[in-house]
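Quick notes on the structure that follows.
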Amino acid sequence: MKLRTILASLAVALLGCAQAQPKDDVLLQMQEAFRRGDKAKLAQMLPQAQGHVLEPWAAYWELRARLDTAPPAEIQQFLAKYAGTYQEDRLRNDWLQLLGQRRDWDTFAQEFPKYRMRDDREVRCYALLVQSQREPNGIAGASEEVRKLWLGQRDADDGCTLAAEALLGKGDARGVTQADAWRKARQSVETNRVRAAANALEMVKPEALPLLNELNASPSRFLTSKVFAASKTRREMVGLALIKLATTDLDQAAAQLENKWGPQLHPEERDWVWGVIGRQAAQRLLPEANAYFAKVDRDKHLSDELLGWKVRAALRAPKGADWRNVREAVDGMSEEGQADPAWVYWKARALLGANPSEAQRAEAAKLLQAIASPRGFYEQLALEELGQKITVPGKPVPLTDAEKQAARQNPGLNRALYAIAIGLRSEGTREWNYTTSLHQRGGMHDRELLAAAQYACDREVWDRCINTSERTRAEFDVDQRFPTPFREAVVRRSREINLDPAYVYGLIRQESRFVTDARSSVGASGLMQVMPATARWTARKLGMEGFNVGQLNERDTNIAIGTGYLKLVLDDLGGSMPMAAAAYNAGPSRPRAWRNGPTLEGAAWAENVPFQETRDYVKKVLSNTTFYAAMLTGQPQSLKARLGMIGPRDTAQPAANTDLP
């Protein structure tokens, strides 16, 4: 559909008629002025945006840029004028943050009930603090939720730090305690979040802040200068120093804990430090990682994140998977952690690992059945463990005309599509997500989501089509979740160079969601998200004379270069799809290093990829590939077969192509 036709139809849906409206350039210039913080330009241009279908965005940008000085009456006027829109709720979110920072609790209490998104962690912490102040009977529940929000943050913010400090020790055992403050300090020191560590320490032992600065500057010197750790504070500070040391000198940290400090620490403190040392070793794929985790006496002393690394280390144990450690780690997790499909799957595998009893087989089958489906990586693996292959599920009942019409007439969806169509993709995406997920409590139900997804599909806005359809709980629309745009070009090019078209589709779905002009924060471009330097190198290898980087957003050029590079990487890595996917995301030198060590089944290797982004990427590309293969061939498929076994490079193979970028 031509762009002008799309914009005209969206304008009619929003305005009710084909009336003239301000030029789109006004909105584009205002967005740029907002990005630059140019308040004068925004104020000058706002009158020109009146009557545009995206006027709520223009008004939001202008007021948001000066929100800290705007009078409350003007803010209320905006909220009333644009009531029910994303922009109203977005500005209320921003205002609530400002009210919390100003400690204006009366106005905050008046405005928070009108706030629909409820997805801002800091605002939620402010709200729980206000609730605890006004409803003494709710202190225990508020403290418990604040604890979860605060410990779940990597970086410190005002709202959750303030709420945690105010509620410290005021709830029951499930609320914020002094032990949680020390746990927060440990988590923050390991990840070098100095401010968050200092905030936590200030809650329980502000006089120890100079010691925190000392151990952060040089943990080795700090530990050398101390002999005994008699008090609780001194023990905890020694633990923080050992954690800091483990991030740079793992062997020294382990030796100090084993030979000097271990007997002086409390069991919970000692277990946590061993957990950190184990995680640091596991992230470096060291063979000692599993042995370090084995020194932990009680897994309940560790966080779910540390226990996840204990599972990974056990899967890479030098003498084969340590199924006992896998089971212990998963059993030590919180209920939420144990429900993660990854840990459900690996616990089931651990139960089946070594001469299982009938009871263990039954428990494993129950766990696998709970997650088995074609929806994702571990869900597909669970199907295979149960003796089934990955097949395409039946389609849902077709949408009715009324369901389609409701989506086409939704103002939020139409504003989002209009914004995306004129180049305001970030704004359009946010408004779309709000409309489908947050505008009404609990978000749209399955049929509404399918209708919204179909509206996006029909407009060829593939990322919103896929992401919206993926949110359905019971319904599974194959064509929406796994579309095949540009099918002729993708299949033809893949077959020309002997690549599986399903693999190419699986990678594109993860890389760009089929957005042809997608551009990442690091400069990758187009459908297959190719970096400029990689594109130039590949173009030379493919003999593409006259290539320039500006051509990367051309569909066929991007497909040719992306598939060409993928084929070179796949061949260099012996045809291993998981390793080639990792190379496409993180560069080929990394999977070459990660393959060293014990030979692992592909799923265990993928789970042990040290980088979270790449680990998630490999899993999604491979599960996407398996599903696309089922679609394209009409035959049952195996994810396990695509994962294969991964170990050190066979000496009989050609040497690695170190020229690959």
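Points worth noting:
- On the basis of the beta-carbon distance and an R0 of 45 Å, Lys300 and Gln110 show a calculated FRET efficiency of 0.60.
- Remark: the range 521-661 carries a charge dipole of roughly 120 debye about the Cα centre, counting +1 on each Lys and Arg Cβ and -1 on each Asp and Glu Cβ.
- Charge context of Phe222, other residues only, Cβ under 12 angstrom, K/R +1, D/E -1: +3
- Placing dummy labels 7 Å off each Cα toward the beta-carbon, the span from Val549 to Thr248 is 3.5 nm.
- Ordering of 651-657, 99-105 by packing [mean C-beta count within 10 Å, highest first]: 99-105, 651-657
- Å² of accessible area per residue within the range 499-578, as computed with a 1.4 Å probe and no ligands counted: 38
- Helix-only mean residue ellipticity at 222 nm for the chain, each DSSP H run of n ≥ 4 adding -39500 (n - 2.57), per residue, nearest 500: -19000 deg cm²/dmol
- For the range 483-617, a Kirkwood radius taken over Cα pairs fed into Stokes-Einstein (4 °C, viscosity 1.567 mPa s) yields D = 85 µm²/s.
- Considering only the Cα atoms of the chain, their convex hull presents on average a projected area of 33.7 nm².
- Taking all protein chains into account, the per residue accessible area for the range 146-246 stands at 42 Å² (1.4 Å probe).
- For a straight C-alpha distance cut-off of 19 angstrom, the lysines reachable from Lys541 (same-chain residues fewer than eight places away being disregarded) are Lys567.
- Solvent accessible area, Å² - His445, 1.4 Å probe, full protein context: 100
- The listed peptides 451-460, 69-78, ordered by packing as a protection proxy, come out as 451-460, 69-78 (highest mean of other Cβ atoms within 10 Å first).
- The mean sequence distance of close C-alpha pairs (under 8 Å, at least 6 residues apart), as a share of the length of the chain, puts its relative contact order at 9 percent.
- Over all Cα atoms in the range 75-124, the spread is summed up by Rg and Dmax: 10.1, 27 Å.
- Nitroxide proxy distance, nm - points 7 Å out along Cα→Cβ at Asp616 and Ala359: 3.9
- Full extension of the chain between Asn259 and Asp172 yields a length gain of 27.6 nm, computed as 0.36 nm times the residue separation minus the alpha carbon distance.
- Listed peptides 394-401, 513-520 by packing density, highest first (mean Cβ within 10 Å): 513-520, 394-401
- Within the range 473-534, GluC sites (Glu not before Pro) in DSSP loop having at most 15 other beta-carbon neighbours inside 10 Å: none
- Of all accessible heavy-atom area on the chain, the percent that carbon and sulfur account for (1.4 Å): 49
- Taking trypsin sites (Lys or Arg not before Pro) across the range 624-661, the ones in a DSSP loop with at most 15 further Cβ atoms lying within 10 angstrom of their Cβ are Arg649.
- The slack between Glu74 and Ser638, meaning 0.36 nm per residue of separation minus the straight C-alpha distance, is 197.1 nm.
- Using 0.36 nm per residue and subtracting the Cα-Cα separation, the extra length available between Asp401 and Asp517 on full extension is 38.5 nm.
- Spatial extent of the range 340-432: Rg and Dmax, with the Cα atoms as the point set, Å: 21.4, 62
- Point-to-point label distance, Arg324-Glu496, nm (Cα→Cβ direction, 7 Å offset): 5.8
- Over all pairs of different C-alpha atoms, the range 159-318 has a mean inverse distance whose reciprocal, the Kirkwood radius, equals 15.9 Å.
- Per residue value of the accessible surface for the range 392-475 (all protein chains in place, 1.4 Å probe), Å²: 43
- With R₀ set to 45 Å, the beta-carbon distance separating Thr599 from Ala140 gives a calculated FRET efficiency near 0.30.
- Cβ-placed point charges (K, R +1; D, E -1), dipole of the range 111-267 about Cα centre in debye, nearest 20: 200
- Cross-link pairs beyond the 31 Å C-alpha cut-off, checked among Lys244/Lys620; Lys41/Lys81; Lys404/Lys640; Lys148/Lys347; Lys295/Lys389; Lys184/Lys366: Lys244/Lys620; Lys404/Lys640; Lys295/Lys389; Lys184/Lys366
The values are calculated or read from the model by the stated rules, or taken from the named source; none is laboratory data. From a predicted model like this one, the values you see are computed outputs, not experimental measurements. Cβ sites come from the backbone with ideal geometry, for glycine too, and all protein chains shown count toward neighbours. Ligands, DNA and RNA are excluded from the accessible area calculation, which covers all protein heavy atoms including side chains. Shrake-Rupley method; radii C 1.70, N 1.55, O 1.52, S 1.80 Å.
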